[in-house]
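Q: The structure's right below; bear with me while I get my questions together.
The values are calculated or read from the model by the stated rules, or taken from the named source; none is laboratory data. Just so it is clear, the model here is predicted, and its values are computed rather than measured. Here the Cβ is made from the backbone with ideal geometry for all residues, glycine too, and neighbour counts use every protein chain on show. Remember, those area values only see protein heavy atoms, side chains included, never the ligands or the DNA or RNA. Shrake-Rupley method; radii C 1.70, N 1.55, O 1.52, S 1.80 Å.
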Amino acid sequence: MRTPDGGTGVCYNSQLAVDADHQMIIACDVTSDEHDHQQFVPLYEQAVKNAGQVPNETSADAGYHSGAVYLYIEEKRIDAYLPDSKFHAETDEQGNELIPPFDRRHFRYDEHERGYRCPANAVLHFKRRSRRNGVKFEVYQATACLECDLRKQCISKPQARFRQIQIYENDGFKAQMRAKLHSEEGKQRYLKRLATVEPVFAQLKQHLGFTKYLVRGIEKVKAEFRLLCTAYNIKKLAFLTMM
């Protein structure tokens, strides 16, 4: 994996699911995947199995987002607070959404034309269907871009002749998720994540002195991390019983 100093190294990616009331570790895992895109579903399902119940709500940072994860959350009707990968970049300091003027989200569907109208009021017609990472989408392409005065602002690739947009099957759910995260209640609920899981990682590193794995091989590393999480939970339980 890439390391913070810009190099690469042999690393593992540790995963935790923590309950918000007591900071008990509900689920844990270790992967050799550099990214977290594929980790939400298995960690969530492990948490449900271990706790014996579905959580009232769940939150995770944008690193866990993927189109397939949004499909899963929508299908399971999970009350989730999970921003997409561009959420923070497209949010200003006041929490308002910032969408570039020629972003595909400004293209509106025209029922009569059966296509999407661009900011210049030209129509993009259906071209093909495809699938990416388990998510279906449709491609629409314009035909009047060569004469358009907004061409340079609208088309980012110099070699492209006509503007294309991709409409994903979960675009509606993505918009709903953004609206929920931008609401005052959503902001507060999502901020709870910082005080839920991040302190647990800090305690594992600082209080228990765990900064690197002592064994090699993914299965041994998984066992070592489970043992560490068990020790943490025992310590947490002892503390809670003293309160």
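Q: Tell me, what is the FRET efficiency for GLU185 and ASN50 to the nearest 0.05, using R0 = 25 angstrom and their Cβ-Cβ distance as r? Intermediate values should be presented prior to the final figure.
A: Values: r = 28 Å, r/R0 = 1.12.
That gives a FRET efficiency of 0.35.
Q: While we're looking at this one, here's another question. Which one, LEU71, ILE165, PRO83, is farthest towards the positive end of the dipole of the chain when Lys and Arg carry +1 and Asp and Glu -1 on their Cβ?
A: ILE165
Q: Taking the Cα centre of the chain as the origin and placing charges on Cβ (Lys, Arg +1; Asp, Glu -1), which of VAL123, ALA27, LEU191 is farthest toward the positive end of the dipole?
A: VAL123
Q: Helix-only estimate, please: 222 nm mean residue ellipticity of the chain, summing -39500 (n - 2.57) across DSSP H runs of length 4 or more and dividing by its residues, to the nearest 500. Intermediate values should be presented prior to the final figure.
A: Values: 7 runs with 80 residues, N = 243.
Calculated at 222 nm, the ellipticity per residue is -10000 deg cm²/dmol.
Q: Once neighbouring chains are kept in place and the probe is 1.4 Å, which whole percent of the accessible area of the range 1-47 is contributed by carbon and sulfur?
A: Taking all protein chains in place, the range 1-47 shows 49 percent carbon and sulfur surface.
Q: Per Stokes-Einstein, at 25 °C and 0.890 mPa s, what whole-number D in µm² s⁻¹ belongs to the range 99-157, with the Kirkwood radius over Cα pairs as the hydrodynamic radius? Display every interim value, and only then the final one.
A: Working: Rh = 12.4 Å.
It diffuses with D of about 197 µm²/s by this estimate.
Q: What ranking do 187-193, 5-11, 36-42 get when scored by the average of other Cβ atoms within 10 Å per residue, highest first?
A: Per-residue mean Cβ counts within 10 Å order the peptides as 36-42, 187-193, 5-11.
Q: Continuing with this model, one more query. Can you pull the percent of the range 169-235's accessible area that's carbon plus sulfur, 1.4 Å probe, other chains left in place? Could the numbers behind the result be given before it?
A: Numbers: 2520 of 4250 Å².
Carbon and sulfur atoms account for 59 percent of the accessible area of the range 169-235.
Q: To the nearest 20 Debye, how big is the dipole of the range 1-109 about its Cα centre, given +1 on the beta carbon of each Lys and Arg and -1 on that of each Asp and Glu?
A: Working: 8 positive and 19 negative charges, 74 e Å.
With only Lys, Arg, Asp and Glu charged at Cβ, the dipole is about 360 debye.
Q: State which helices in the chain qualify, where a helix is a whole DSSP H run, it must extend 24 Å or more along its own axis by its Cα atoms, and its mean Kyte-Doolittle hydropathy must be at least 0.0.
A: Membrane-span-like by this rule: 218-242.
Q: Using the heavy atoms of the protein chains alone and a 1.4 angstrom probe, what is the accessible area of the range 1-129 per residue in square angstrom?
A: Heavy-atom accessible area per residue stands at 61 Å².
Q: Oh, and also: With Cβ to Cβ distances under 12 Å as the rule, what net charge do the other residues near ILE165 carry (K, R +1; D, E -1)?
A: Every neighbour counted, the sum reads +3.
Q: Right, something else. Need the C-alpha centroid separation for the range 1-73 versus the range 126-166, integer Å.
A: 34 Å
Q: Expressed in whole Å with the largest first, what are the equivalent ellipsoid semi-axes of the range 124-208 derived from the C-alpha gyration tensor as the square root of 5 times each eigenvalue? If you can, show how the numbers build up before the last one.
A: Numbers: eigenvalues 351, 50, 49 Å².
Three semi-axes, in Å: 42, 16, 16.
Q: Note down the relative contact order for the chain as a percent, whole number, built from C-alpha pairs under 8 angstrom at least six residues apart.
A: Result for the chain is 17 percent.
Q: A follow-up question, please. For every other residue with a beta carbon closer than 14 angstrom to the beta carbon of ARG77, add +1 if it is Lys or Arg and -1 if Asp or Glu, then tell me the sum.
A: Once all neighbours under 14 Å are counted, the net charge is -2.
Q: Roughly speaking, to the nearest percent, how much of the range 48-143's 1.4 Å accessible area is carbon and sulfur?
A: Within the range 48-143, the accessible surface is 44 percent carbon and sulfur.
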